[in-house]
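Report on the structure given below.
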Amino acid sequence: MGSEIINDGIITTEPSKIRILWGLREKITEGLLHDGYCYKYDVSLPLAHYYRLVEDIRVRLGDRATRVVGYGHVGDGNLHLNVTAP
């Protein structure tokens, strides 16, 4: 975090806190299902383009998508791209 690449974060080695963090991560897709259909993609791309893909998909789909969300493995360039629609 001292490199100023990361704005905020949580690091833990406590099993109970690890379970809470993983629980939050797993609930992302559960929450997205409230929008209707959820289309899921795993995409690998250079880190420099990581978030731009989410923005580009939002523009490309326009009002056909309710929500476009990206999350994943920042360190290895794998993005979980989720698109929801009614």
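Quick notes on this one:
- Among residues of the stretch 44-62 that are over 14 Å from G72 (Cα atoms), those with a Cβ under 8 angstrom from a residue that is of a type in the set (V, I, T) and not in a helix (DSSP H, G or I), sequence gap 6+ or separate chain, pair up as I57/V68; I57/V83; R58/V68; L61/V68; L61/V83.
- Condition check for I20: at pLDDT 90 or above, open to solvent by 90 Å² or more (accessible area, probe 1.4 Å) and over 13 Å from the mean Cα position of the chain (by Cα): yes
- Output for the stretch 1-32, where each listed residue is of a type in the set (A, V, I, L, M, F, W, C) and touching a residue at least 40 places away in the same chain (Cβ under 8 Å): I28, L32
- Residues within the stretch 6-17 that are open to solvent by less than 70 Å² (accessible area, probe 1.4 Å) and either outside any loop (DSSP other than H, G, I, E, B) or of a type in the set (A, V, I, L, M) (or both), tallied: 1
- Of all residues in the stretch 28-73, those that are in a helix (DSSP H, G or I), among the aromatic types (F, W, Y) and open to solvent by 70 Å² or more (accessible area, probe 1.4 Å) total 1.
The values are calculated or read from the model by the stated rules, or taken from the named source; none is laboratory data. Everything numeric here is computed off the predicted structure, so don't read it as measured data. Glycine gets a Cβ as well: all are built from the backbone with ideal geometry, and neighbour counts include every protein chain shown. Quick note on the areas: whole protein, heavy atoms, side chains included, nothing else; ligands and nucleic acids left out. Shrake-Rupley method; radii C 1.70, N 1.55, O 1.52, S 1.80 Å.
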